[in-house]
Every structure is written in C-alpha cells, then in structure tokens.
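Visitor: Supplied in structure tokens, the structure appears directly below.
Every number in this text was worked out from the coordinates using simple rules, so none of it is lab data. Everything numeric here is computed off the predicted structure, so don't read it as measured data.
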Amino acid sequence: MTPRADSYVMRAASTLTAVPNAFDDDEILVKGLVARDADAFAYLLDRYHAPLHRPACQYVPTAAVADEVVQETWLAVITGIDRFEQRSSVKTWLFRILLNVARSHGVREHRSIPFAPTLGDDEPAVDPKRFRRFTLHGRGAWKHPPHAWPEPEQAALDAETRATIDHAVSHLPPAQRDVVTMRDLLGWSAPEVCDALELTEANQRVLLHRARSKIRRALEQHYDESGTR
C-alpha cells in the first residue's frame with residue numbers, strides 16, 4: 001500500500017470511528033425497541049449483556065443460574081418495552097429489572113439476605129474496638145491499624161482474594177450490595193446509582209462506605225488467616 005493510500009485508509013477509519021451510533025441516543029433506541037427493530041435489540045445486547053451477568057452472580061450461587069437471570073431480564077425487556085415511559089435512562093431501567101429478577105432467583109436459591117437496617121441506625125463502619133478512646137489530641141487513633149496489603153499486581157492475580165471479595169459482596173445486606181456492585185464492579189457514577197436505586201446522594205454514600213468497610217474487613221481476615229502481609 002502506498003503512503004498516500006495508507007493515509008487515506010487511516011483518515012477513513014478515523015472518520016468511521018468518530019461517527020456515533022444512532023442508538024446511543026436513548027430516544028432513538030427506545031423507538032427502535034418499540035418498533036421491534038432487530039438492530040436496536042442487537043445494540044442493546046452487545047452493550048449490556050456482559051455487564052448484566054456480573055451483578056447477577058452476586059445474588060445466585062452459580063454462573064448458570066446467573067445466565068438464567070440475564071435471559072429472564074431480556075425477556076422482561078422485550079415484553080415490557082411498550083410500557084417504558086423514559087422517566088429514567090434505558091441503562092437504569094434495564095438494571096432495575098435485573099436486580100428484581102436476581103433477587104427473586106436469590107430467594108428461590110435460598111440465598112436471600114435480610115434487608116439492610118435503616119440508615120439512621122448506629123451501625124459502625126469500623127469496629128470501635130480498633131480505636132483508642134482518648135489520645136493526647138483528644139481524638140481517636142488506631143489501636144489495631146489495618147495490615148499492609150500485598151502489592152496491587154499480586155492481589156489482582158490472587159484468585160483467593162477475588163473469591164474473598166465476591167463472597168463478602170454476596171453476603172452484604174441488599175442495599176449495600178447493590179450500591180457497591182454498581183459503583184465498584186460496574187463503574188457507575190454516584191448519580192447513576194442514585195437514579196437506578198432511587199436513593200439520595202447521602203444514603204448512597206453511607207451505603208457505599210459501609211459496604212467497602214465490610215469488604216475490607218473480610219480481606220484483612222483473609223490475609224490474617226493466610227499469613228499474607
């Protein structure tokens with residue numbers, strides 16, 4: 001290929017990648033879904049099928065059951081799109097359906113978790129016994145500080161660490177589990193989570209902090225038992 005032809009191809013490819021998909025616009029996407037446009041459904045599947053599977057796994061015991069949850073979610077989307085009023089984004093609506101389906105399956109699989117206590121309770125994010133009651137400055141300080149964790153690269157490759165996190169997340173109260181799954185596993189923004197779960201920003205922040213604290217405690221216990229520092 002000549003330099004001129006190569007330059008032309010590169011410019012053409014750049015132009016193609018710069019053109020947005022029309023279905024990125026929720027209004028156009030919904031119209032396509034309501035019209036039973038195969039391309040609209042293909043777009044939705046390509047974009048959200050994999051992201052739906054991850055949170056489903058937090059509610060049911062096996063990947064196979066998670067597959068059933070996702071398939072049932074898609075069926076609910078197909079049968080319910082005509083009633084979608086676009087009061088939220090398609091993404092938010094889709095994940096609300098998934099959470100409802102996943103919770104129902106979780107109950108059937110005997111993995112239901114009691115509802116989280118109200119946010120007005122006195123549940124501490126960190127065990128108070130880990131702090132000194134008084135210091136020279138009049139404020140609490142660590143009595144038993146967190147252990148140093150392994151290097152990030154090592155932890156990322158540690159299958160046991162991943163299993164510990166998944167186990168901790170699966171045993172969180174539902175509200176905490178939903179928030180930490182969306183924020184930390186799916187990468188949603190705080191406003192998106194508030195919209196999807198119908199939470200205030202303050203409630204979302206408290207739930208996320210408590211969930212992260214519990215996961216950290218589970219990891220600390222894992223490292224203590226394994227002798228890892």
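Visitor: Could you calculate the contour length gain from residue 104 to residue 24, that is, 0.36 nm times the residue separation minus the distance between their Cα atoms, to one decimal place in nm?
Guide: 25.8 nm
Visitor: Then there's this: How much length, in nm to one decimal, is gained on full extension between residue 35 and residue 224, taken as 0.36 nm per residue of separation minus their Cα-Cα distance?
Guide: 62.4 nm
Visitor: Give the distance, in whole Å, between the Cα centre of the range 73-105 and the Cα centre of the range 170-229.
Guide: 23 Å
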